[in-house]
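The values are calculated or read from the model by the stated rules, or taken from the named source; none is laboratory data. From a predicted model like this one, the values you see are computed outputs, not experimental measurements. Backbone-built Cβ (ideal geometry, glycine too); neighbour counts: all protein chains shown.
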Amino acid sequence: MSTRITLSAAALAVMLTQASSAAMVTFTNSTLWSGFSTGRGATTATETFNAYSGTYASGLSGGAGGVQWQATASGGLVAGSGFLAAQVSDQVLTFSMSPSVQGVAGNFFATDGTLNVVPAVISVTLNDGSSYIGYSASAADFVGFYSTGAAISSISISVARNGAPGTHFATADNLYFATVGSVPAPGAVALICAAGLVGNRRRR
């Protein structure tokens, strides 16, 4: 086993330990996010945005792995080369998910008016207020979250531009979802238990 693999495994073990008390775990490594998610019994799916091209004035909807997503930004969206971006600079790009998910991640960064990647400080925020702020200079830059508590219903990306107005657009290349099997509602569990008791009595 190489040193790199050993270190990654150790980091994952540490995060798994911390997750027992944490409500939200944040990642900047896609392999660790995926390993953590599947390690907790989640199924992962990816939206690549490769099927979309052009402008979308009223937002855009799609689906992956049973999760329906809706992307919105004030002023509309633009898609191309597998990227999905806010069409107006300095606007927030938001993805809403239905049903809500336990984990969400993506390659988040800034582009210019022709979808070329430009360096910028990005902010990624979830519906519960959990957030990540960091420097991005590549379409491969990754940010991911996994909730050990309440499910996640939306994620928003914004950009703090480094230059003149009109030069930085919040952009995503790939959106990843982690979902777990649905848990029966308490009433359903009670009915299942009652049915089991009745069945046992009849067999006796």
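Kindly provide the set of residues from the range 126-154 that are aliphatic (A, V, I, L, M), surrounded by fewer than 18 Cβ atoms within 10 Å (Cβ to Cβ) and in a strand (DSSP E or B), ordered by number. Explain how you work it out, then say what you get.
Going residue by residue through the range 126-154, those that are aliphatic (A, V, I, L, M) are 126, 133, 137, 139-140, 143, 150-152.
Those left that are additionally surrounded by fewer than 18 Cβ atoms within 10 Å (Cβ to Cβ): 133, 137, 140, 150-151.
Residue satisfying the conditions is Ile133 alone.
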So is Ser74 among the small types (Gly, Ala, Ser), free of Cβ contacts under 8 Å to residues at least 40 places away in the same chain and farther than 24 Å from Ser131 by Cα or not?
-> no
Those residues that are β-branched (Val, Ile, Thr), part of a strand (DSSP E or B) and surrounded by fewer than 16 Cβ atoms within 10 Å (Cβ to Cβ), I need them from the range 44-59; list them, please.
-> Thr46, Thr55
Quickly run through the range 69-103 and pick out the residues that are part of a loop (DSSP other than H, G, I, E, B) and either of a type in the set (A, V, I, L, M) or in contact with a helix residue (DSSP H, G or I) (Cβ under 8 Å, 6 or more places away or on another chain) (or both).
-> Ala73, Val88, Val92, Gln102
Is it the case that some residue within the range 60-68 is modelled with pLDDT under 95 and not in a helix (DSSP H, G or I)?
-> no
From Ser147, Ser153, grab the single residue that is closer than 26 Å to Val78 by Cα, at pLDDT 95 or above and of a type in the set (Ser, Thr, Tyr).
-> Ser153
Restricting attention to the range 90-125, which residues are in contact with an Asp or Glu (Cβ under 6 Å, 6 or more places away or on another chain) and either under 20 Å from Ser30 (Cβ atoms) or surrounded by fewer than 18 Cβ atoms within 10 Å (Cβ to Cβ) (or both)?
-> Asn107, Phe109
Being modelled with pLDDT of 95 or more, over 14 Å from the mean Cα position of the chain (by Cα) and not in a helix (DSSP H, G or I) narrows it down to one of Ala178, Ala170, so name that one.
-> Ala170
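Kindly establish whether Gln87 is surrounded by fewer than 21 Cβ atoms within 10 Å (Cβ to Cβ), closer than 20 Å to Ala51 by Cα, in contact with a Ser or Thr (Cβ under 7 Å, 6 or more places away or on another chain) and free of Cβ contacts under 8 Å to residues at least 40 places away in the same chain.
On the way: surrounded by fewer than 21 Cβ atoms within 10 Å (Cβ to Cβ): yes; closer than 20 Å to Ala51 by Cα: yes; in contact with a Ser or Thr (Cβ under 7 Å, 6 or more places away or on another chain): yes; free of Cβ contacts under 8 Å to residues at least 40 places away in the same chain: no.
The answer is no for Gln87.
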Members of the range 36-89 found to be in contact with a Gly (Cβ under 8 Å, 6 or more places away or on another chain) and among the charged types (D, E, K, R), listed by number | Glu47
Ser123: touching a residue at least 12 places away in the same chain (Cβ under 8 Å) and outside any strand (DSSP E or B), yes or no?
-> no
